[in-house]
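The values are calculated or read from the model by the stated rules, or taken from the named source; none is laboratory data. As the structure is a prediction and not an experimental result, all values here were calculated from the model. Accessible surface is based on the protein model in full, side chains and every heavy atom, while ligands, DNA and RNA are left aside. Shrake-Rupley method; radii C 1.70, N 1.55, O 1.52, S 1.80 Å.
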Amino acid sequence: MSAFITTKQAAAYLNCTPQHLYNLRNKRKSAIEEGNKTLANKLAPEAIKIGGKLLFEESKLESWLRTYGEVA
């Protein structure tokens, strides 16, 4: 089982701010509400919310980055 990390830790892993990650999550939520799950998966990694805290599974975060991240 993979460990869960906080939004702050996930943002550090992705080299962005926590606010940017929240913004991506909001765009993901909108895409899901519009029925576009493919776009939602590209916009932001999956997360769970427990007690108002957004948590990311490390293995899913890495998988999302490898799948949708751009090589520079």
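For the full complex of protein chains and a 1.4 angstrom probe, list Thr38, Thr7 by accessible area with the highest value first.
Thr38, Thr7
Ignoring ligands, DNA and RNA, what accessible area per residue does the chain give at 1.4 Å, in Å²?
73 Å²
Given a 1.4 Å probe and the protein chains all in place, what does the accessible area of Leu21 round to, in Å² to the nearest 10?
Its heavy atoms expose roughly 0 Å² to the probe.
Students sometimes get this wrong: rank Arg28, Arg66 by accessible area, probe 1.4 Å, all chains present, largest first.
Largest accessible area first, the residues go Arg66, Arg28.
Extent of the chain along each principal axis, from alpha carbon coordinates, in Å, largest to smallest?
36, 29, 26
How much accessible surface area, in Å² rounded to 10, belongs to the heavy atoms of Lys60 with a 1.4 Å probe?
90 Å²
Can you give me the % of accessible surface on region 7-62 that is carbon or sulfur? Probe 1.4 Å, all protein chains present, nothing else counted.
That share works out to 49 percent.
Step through the residues of region 16-30 one at a time and calculate ³J(HN,Hα) from phi using the Karplus curve (6.51 cos²θ - 1.76 cosθ + 1.60, θ = phi - 60°), rounding each to whole Hz and writing x for Gly and Pro.
9, 8, x, 4, 4, 5, 4, 4, 4, 5, 5, 5, 4, 4, 5
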